[in-house]
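S.K.: Could you have a look at this structure, given as structure tokens, before my questions?
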Amino acid sequence: MFDPPLSRRAFLLGTLSATGVLAGCTTPRYVPVAAPPVPQFATRPVLAPEDPELEAIYGPVVDDGFMIPPVPYQKIDPKFYRQRVPDPTGEPPGTVVVDTPERLLYVVEPGGTAMRYGVGIGREGFAWEGEGIIHWRQKWPRWKPPAEMVARQPQLAQYSIEKGGMPPGLDNPLGARALYIFQNGKDTLYRLHGSPEWRSIGKAVSSGCVRLMNQDVIDLYERVPYHARIVVRQ
């Protein structure tokens with residue numbers, strides 16, 4: 001309820017008079033004013049994507065001459081759709097965060113939001129945690145299974161490092177993009193990469209590191225620069 005005009009004016013005049021009296025007998029001093037609180041809400045929309053947007057996100061894509069087929073997103077838990085969310089990580093903008101138990105990857109944005117992706121985690125994905133940098137990025141990479149994997153699966157010998165690996169393509173396990181993680185100047189053998197196996201998103205799979213749907217890893221590649229900081233949480 002507002003005060004009557006007369007009462008408000010009287011109050012102000014009385015305040016000014018009291019201020020004048022005090023000013024005549026005391027030394028003026030600076031009274032700090034508290035900074036306004038930082039808004040605790042995101043500065044970008046964080047609405048979950050709806051069908052028309054999902055059709056565009058996970059529709060067919062022609063990329064560098066390869067036709068990536070559409071993803072039947074209706075068969076995937078909506079938790080794993082690419083979407084902007086309030087940032088839960090507490091990390092600075094520009095940081096990539098992999099939440100291994102939740103099968104989620106975040107790219108932290110300014111303003112309190114993060115772009116979130118669903119991921120699948122392979123055996124190698126559980127083998128490393130900590131901080132590093134994305135030292136190298138590659139479009140349509142060749143896949144070169146390490147010697148340990150070839151020893152477990154001898155049929156992969158034809159794609160060994162010595163033989164040059166598997167050529168890029170839709171059947172390549174690294175998919176449309178790969179981001180290579182280094183720590184203290186050394187390759188961790190930990191990768192973020194695409195995959196044609198959309199069914200593996202949100203699951204623990206037999207091999208590989210952190211896999212995204214090809215449509216998502218292309219988007220991720222454009223958001224994450226060289227030498228971006230990455231935090232992997234187990």
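No value in this document is a laboratory result; all are computed from the given coordinates. All values derive from a computational prediction rather than experimental measurement. FYI the Cβ positions are ideal-geometry reconstructions off the backbone, even for glycines, and counts take in every protein chain you see.
S.K.: Among the residues of region 145-159, which ones are surrounded by fewer than 16 Cβ atoms within 10 Å (Cβ to Cβ), without any contact (Cβ under 8 Å) to a residue 12 or more places away in the chain and not polar (S, T, N, Q)?
M.R.: Listed by number, the residues that qualify are 148, 151, 152, 154, 157.
S.K.: Give me a count of the residues in region 212-224 that are over 13 Å from residue 106 (Cα atoms) and in contact (Cβ under 8 Å) with a residue 60 or more places away in the chain.
M.R.: Qualifying residue count, region 212-224: 4.
S.K.: Follow-up question, since we're still on this one. Can you go through 191, 199, 137, 223 and tell me which one is within 30 Å of residue 75 (Cβ to Cβ) and either out of contact with any Lys or Arg (no Cβ under 9 Å at 6 or more places or on another chain) or acidic (Asp, Glu) (or both)? Break it down into steps so the answer makes sense when it comes.
M.R.: Details: 191 fails: either out of contact with any Lys or Arg (no Cβ under 9 Å at 6 or more places or on another chain) or acidic (Asp, Glu) (or both); 199 fails: either out of contact with any Lys or Arg (no Cβ under 9 Å at 6 or more places or on another chain) or acidic (Asp, Glu) (or both); 137 fails: either out of contact with any Lys or Arg (no Cβ under 9 Å at 6 or more places or on another chain) or acidic (Asp, Glu) (or both).
Testing whether each residue is within 30 Å of residue 75 (Cβ to Cβ) and either out of contact with any Lys or Arg (no Cβ under 9 Å at 6 or more places or on another chain) or acidic (Asp, Glu) (or both) leaves just 223.
S.K.: Out of region 53-78, which residues are assigned to a strand (DSSP E or B) and either in contact with a His (Cβ under 7 Å, 6 or more places away or on another chain) or not β-branched (Val, Ile, Thr) (or both)?
M.R.: Listed by number, the residues that qualify are 63, 66, 67.
S.K.: Name the single residue that is surrounded by the most Cβ atoms within 10 Å (Cβ to Cβ) among those in region 79-112 being in a strand (DSSP E or B) and touching a Pro at 6+ places or on another chain (Cβ under 6 Å).
M.R.: Checking each candidate, the answer is 108.
S.K.: Moving on. Those residues that are polar (S, T, N, Q) and surrounded by 24 or more Cβ atoms within 10 Å (Cβ to Cβ), I need them from region 171-214; list them, please.
M.R.: Passing the criteria: 195, 214.
S.K.: Of all residues in region 165-178, how many are without any contact (Cβ under 8 Å) to a residue 60 or more places away in the chain and under 21 Å from residue 106 (Cβ atoms)?
M.R.: 3
S.K.: I would also like to ask the following. Please verify whether region 160-169 includes one or more residues that are surrounded by fewer than 23 Cβ atoms within 10 Å (Cβ to Cβ) and closer than 29 Å to residue 79 by Cβ. Talk me through it step by step, then tell me what you get.
M.R.: Let us first name the residues in region 160-169 that are surrounded by fewer than 23 Cβ atoms within 10 Å (Cβ to Cβ), namely 160-169.
This time we only want the ones that are closer than 29 Å to residue 79 by Cβ, so: none.
No, there is no match, as no residue in region 160-169 is surrounded by fewer than 23 Cβ atoms within 10 Å (Cβ to Cβ) and closer than 29 Å to residue 79 by Cβ.
S.K.: Another one. Which of the strands (runs of 3 or more DSSP E) contained wholly in region 120-228 include at least 3 residues that are at positive phi and more than 19 Å from the chain's Cα centre (by Cα)?
M.R.: By residue number, no strands (runs of 3 or more DSSP E) qualify.
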